[in-house]
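The values are calculated or read from the model by the stated rules, or taken from the named source; none is laboratory data. The shown structure was predicted, so the numbers you read here are calculated from the model rather than taken from an experiment. Here the Cβ positions follow ideal geometry from the backbone for every residue, glycine too, while neighbour counts run over all protein chains shown.
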Amino acid sequence: MNFTDTQRLGSEIEISYQKHIWEMKLHYTQMEATFRSGEYDGRKIYLVPEQEFSAVLSIRPHKNFTLQAEYQYTGSSYEGNDFLNEKEQLPSYAVTNLLLRYEPKPNISFYMRVNNLLDESYATIKYNGVWYPAAGRTFQLGVRHEF
């Protein structure tokens with residue numbers, strides 16, 4: 001189904017601060033997503049959280065190295081296909097991530113990343129009572145080259 005008559009109203013705010021080797025960013029989103037016509041008029045759109053928040057703290061102890069910690073919070077949302085907003089909601093969740101990046105020269109970097117550092121159990125999708133769990137703690141190694 002394709003529901004084209006929907007409305008998303010919200011606000012976003014981002015604050016960042018940088019001094020010497022430190023950088024901090026805070027980001028908050030508040031969103032109300034609703035159906036605007038038909039039998040679901042006024043009901044919330046499923047799988048759309050009303051609130052999201054993230055905080056990032058970075059330190060560059062050397063010009064080539066960055067260590068970054070991230071905290072991401074996502075508010076609750078109605079499960080998929082819950083057009084009437086009557087079923088149990090997906091609960092809110094929060095994850096913490098870490099990143100270490102080495103940039104030997106401009107446009108190229110190597111990184112190590114740990115997502116969901118605390119191995120939180122949560123789901124971002126649920127349809128008809130069936131939960132689809134998100135990944136637990138994951139590790140990434142990578143190379144990035146910008147052209």
Of (1) assigned to a strand (DSSP E or B); (2) in contact with a strand residue (DSSP E or B) (Cβ under 6 Å, 6 or more places away or on another chain); (3) over 20 Å from GLU32 (Cβ atoms), GLU120 fails just (1)
Condition check for PHE83: surrounded by 15 or more Cβ atoms within 10 Å (Cβ to Cβ), modelled with pLDDT under 95 and either under 13 Å from the mean Cα position of the chain (by Cα) or not in a strand (DSSP E or B) (or both)
yes
Give all pairs with beta carbons closer than 7 Å in which a residue from region 62-83 that is within 17 Å of THR124 (Cβ to Cβ) meets a residue that is modelled with pLDDT of 95 or more and among the basic types (Lys, Arg); count only pairs at least 6 apart in sequence or on separate chains.
TYR78/LYS44
Among the residues of region 28-78, write down those that are small (Gly, Ala, Ser), under 29 Å from PHE110 (Cβ atoms) and in contact with a Phe, Trp or Tyr (Cβ under 9 Å, 6 or more places away or on another chain).
SER54, ALA55, SER58
Take the conditions under 19 Å from PRO49 (Cβ atoms), in contact with a strand residue (DSSP E or B) (Cβ under 6 Å, 6 or more places away or on another chain) and surrounded by 15 or more Cβ atoms within 10 Å (Cβ to Cβ) and apply them to LEU99. Does it pass?
no
